[in-house]
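Novice: The structure that follows is given in the form of structure tokens.
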Amino acid sequence: MALSLDSLALGQFTACRTQPNYFLPKSSAYFELKFNSNFNFRSRGALVVNSNGGVLSSVAEKKEGNRNVAEKKEDNNLDNELTVVMKFGGSSVATAERMKEVAALISSFPEERPVVVLSAMGKTTNKLLAAGEKAVNCGAFKIDEIEEFAFIKDLHVRTIDELGIDISTVSGLLTRLEQLLTAIAMMKELTPRSRDYLVSFGECMSTRIFTAYLNKIGIKARQYDAFDMGIITTDDFTNADILEATYPAVAKRLYEDWIKEPAIPIVTGFLGKGWKLGAITTLGRGGSDLTATTIGKALGLREIQVWKDVDGVLTCDPNIHPAAKPVPHLTFEEAAELAYFGAQVLHPQSMKPASESDIPVRVKNSYNPQAPGTIITKERDLSKAVLTSIVLKSNITMLDIVSTRMLGQHGFLAKVFSIFNDLRISVDSVATSEVSVSVTLDPKKLPCDDLIREESELDHLVEELEKIAVVNLLQKRSIISLIGNVERSSLILEKAFSVLRNNGVNVQMISQGASKVNISLVVDDSKAKQCVQALHSAFFENEESHFPSR
Ligand SMILES: Nc1ncnc2c1ncn2[C@@H]1O[C@H](COP(=O)(O)OP(=O)(O)O)[C@@H](O)[C@H]1O
Ligand SMILES: N[C@@H](CC(=O)OP(=O)(O)O)C(=O)O
């Protein structure tokens, strides 16, 4: 939708309000605004933005005598628009020292005008969750004795002290956190909804501290709580999905403020606001990556950078094999598959907004900014690619489901999957024959939140499946995902099976499926790490293992 400035008459704004998707990142579009302008009264206005989300022109309503008149401003000089998202994870902002380094890192890119997304400091989210669990049983007068709460208070107060900013930056939040823990202790209950509210304190504090520090050293910054900024989600506490309404709302809010007074936006990662209940939600662990790509898409920015504590996406989890090395280039599909199948480095849903808006994602190391990192784009040259990365997902459950009917019976798979659907259980990998199907599922993703209910949920699933099939439930299995060029699957499998045979490991299920980038193998948990190490050595460390090109 391309609009000329002439077509911007104030009378059109009301009509604009009725169009839910009026923000079209890939073309010019206009927004209706309602804001407190410089004119000292509640004012209305509109923006015309370019394909990149840059503001081309604006119109504001101004009072002259008794009349409201439109004042137009044309800004064809787009040098001032926001350019990139820079997301810093917990490890990047774990201490005052780290925050100083991140501030220096941001200012080392004077050509960029970033939107900064921050996670909670270090392991704050884990500590908050542990404090909440303890509060359930400790009694309302013993909150101060919760070690994790003391740790959180100490970390944030010490950081403030070391950065030389005012304690009022977080004192109100720390008081409210104590009140919340007291309430949890009184109720003896930690619901998914209160859990999300509880962990939100981590990001709310880190962003306030960092913003205050940037302002103190002369870098203009403005703090935003994602749940007040337009990140609108489903009401699925602890694992909410971003809703479409987020994109125009976030773009409007950030540009509105940016136009009034440019200041680097510092946004809480991981958090949103449930659209029905209006309560704080979270996007699943590691969800700040998704916040970053969502904002990148909303504003149509040039690049989304996620700054971590590793030199990019690596050939495998460095905790499994220290010889893991950076992968220079990935496609969105490869990165999504890798994240979905367990690589902690990226949030499973985070590639979606980036790939929808075709914005490159760069994974960088805030401890080693010189390292080139990994660039993730829509396409890459796969002609020489064989294996890109190996991912391990442990403690998964496998089900072998064999039909009790004869060969040729139709509707077997439909019946099996309707049972999964009825019980709201999703499966990761599937392998089928005419009368049997094997599936894997992640017990942590069952629709329940404790171990006992997890077991009974599985029992219920088996009971239902046994009405139509013989079921073999196999727990403590691992999926090893070989992310690579599946067009060379024979080469990959030949090598992989030879390695596994040499290690005395039997593969219990193989799934290549529709994915063009992933072959999944299921093995016993007890052998899985050893398998990944051996596969990594064979594919990435042994010079002789280089495959001939086709
Ligand atoms: N394939 C992989 N590549 C890079 N890091 C990985 C991989 N698999 C697991 N990791 C782990 O992911 C961590 C980075 O992700 P995360 O902790 O979520 O970062 P942050 O909190 O900085 O966003 C690394 O420290 C590493 O231990
Ligand atoms: N703090 C949240 C969200 C997040 O994204 O964290 P990180 O970027 O440190 O993985 C978590 O720990 O899950």
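The values are calculated or read from the model by the stated rules, or taken from the named source; none is laboratory data. A quick note: this is a predicted structure, and the numbers were derived from the prediction, not measured. Don't worry about glycine lacking a Cβ; one is built from the backbone with ideal geometry, like all the others, and counts go over all protein chains shown. Quick note on the areas: whole protein, heavy atoms, side chains included, nothing else; ligands and nucleic acids left out. Shrake-Rupley method; radii C 1.70, N 1.55, O 1.52, S 1.80 Å.
Novice: On the basis of being assigned to a helix (DSSP H, G or I) and of a type in the set (Phe, Trp, Tyr), does Phe109 make the cut? Spell out how you get there, then give the answer.
Specialist: Numbers: assigned to a helix (DSSP H, G or I): no; of a type in the set (Phe, Trp, Tyr): yes.
Criteria not met by Phe109.
For (1) outside any helix (DSSP H, G or I); (2) within 16 Å of ligand 2 (Cβ to nearest atom); (3) among the hydrophobic types (A, V, I, L, M, F, W, C); (4) out of contact with any Asp or Glu (no Cβ under 6 Å at 6 or more places or on another chain), each residue gets a yes or a no:
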position: Gly284; (1), (2), (3), (4): yes, yes, no, yes
position: Asp289; (1), (2), (3), (4): no, yes, no, yes
position: Lys297; (1), (2), (3), (4): no, no, no, yes
position: Pro318; (1), (2), (3), (4): yes, yes, no, yes
position: Glu333; (1), (2), (3), (4): no, no, no, yes
position: Ala354; (1), (2), (3), (4): no, yes, yes, yes
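Novice: Within the stretch 82-99, take every residue that is in a loop (DSSP other than H, G, I, E, B), in contact (Cβ under 8 Å) with a residue 40 or more places away in the chain and more than 8 Å from ligand 2 (Cβ to nearest atom) and give me the one that is least open to solvent (accessible area, probe 1.4 Å). Let's see the steps before the verdict.
Specialist: Filtering the stretch 82-99 down to residues in a loop (DSSP other than H, G, I, E, B) leaves 82-83, 89, 94-95.
Right, trim to in contact (Cβ under 8 Å) with a residue 40 or more places away in the chain and you get 82-83, 89, 95.
Cutting the leftovers down to more than 8 Å from ligand 2 (Cβ to nearest atom) gives us 82-83, 95.
Values: Leu82: 2, Thr83: 21, Thr95: 58 Å².
The selected residue is Leu82.
Novice: Residues to consider are Lys415, Lys384; find the one that is part of a loop (DSSP other than H, G, I, E, B), modelled with pLDDT under 95 and basic (Lys, Arg).
Specialist: Values: Lys415 fails: part of a loop (DSSP other than H, G, I, E, B).
Exactly one residue qualifies, and that residue is Lys384.
Novice: For the stretch 135-173, how many residues meet the condition of being at pLDDT 95 or above and open to solvent by 90 Å² or more (accessible area, probe 1.4 Å)?
Specialist: 6
Novice: Across the stretch 243-252, which residue is nearest to Glu81 (Cα to Cα) among those that are buried (at least 22 other Cβ atoms within 10 Å of the Cβ) and out of contact with any strand residue (DSSP E or B) (no Cβ under 6 Å at 6 or more places or on another chain)?
Specialist: Ala251
Novice: What pairs come up if the first residue lies in the stretch 126-142 and is closer than 18 Å to Pro192 by Cβ, the second is open to solvent by less than 70 Å² (accessible area, probe 1.4 Å) and not in a helix (DSSP H, G or I), and their beta carbons are under 7 Å apart, counting only those six or more places apart or on different chains?
Specialist: Ala131/Ile146; Gly132/Leu190; Glu133/Leu190; Lys134/Ile146; Ala135/Ile146; Val136/Leu190
Novice: Being among the charged types (D, E, K, R) and within 16 Å of ligand 1 (Cβ to nearest atom): is that true of Lys87 here? Even if it seems obvious, please write down each step before you answer.
Specialist: Details: among the charged types (D, E, K, R): yes; within 16 Å of ligand 1 (Cβ to nearest atom): yes.
Against the criterion (among the charged types (D, E, K, R) and within 16 Å of ligand 1 (Cβ to nearest atom)), Lys87 qualifies.
Novice: Which of the residues spanning the stretch 418-432 are assigned to a helix (DSSP H, G or I), open to solvent by 30 Å² or more (accessible area, probe 1.4 Å) and touching a residue at least 12 places away in the same chain (Cβ under 8 Å)? Quick ask: steps written out before the conclusion?
Specialist: Let us first name the residues in the stretch 418-432 that are assigned to a helix (DSSP H, G or I), namely 418-422.
From the residues that got through so far, the ones that are open to solvent by 30 Å² or more (accessible area, probe 1.4 Å) too are 418, 421-422.
Once the filter is applied, which keeps residues that are assigned to a helix (DSSP H, G or I), open to solvent by 30 Å² or more (accessible area, probe 1.4 Å) and touching a residue at least 12 places away in the same chain (Cβ under 8 Å), the stretch 418-432 yields only Asp422.
Novice: Please state which one of Leu392, Leu338, Leu399 is in a helix (DSSP H, G or I), open to solvent by less than 60 Å² (accessible area, probe 1.4 Å) and in contact (Cβ under 8 Å) with a residue 40 or more places away in the chain. Give the derivation first.
Specialist: Details: Leu392 fails: in a helix (DSSP H, G or I); Leu399 fails: in a helix (DSSP H, G or I).
That would be Leu338, the only listed residue that is in a helix (DSSP H, G or I), open to solvent by less than 60 Å² (accessible area, probe 1.4 Å) and in contact (Cβ under 8 Å) with a residue 40 or more places away in the chain.
Novice: Answer yes or no as to whether Ile152 is more than 16 Å from ligand 2 (Cβ to nearest atom) and of a type in the set (Val, Ile, Thr). Full working, then the answer.
Specialist: Working: more than 16 Å from ligand 2 (Cβ to nearest atom): no; of a type in the set (Val, Ile, Thr): yes.
No.
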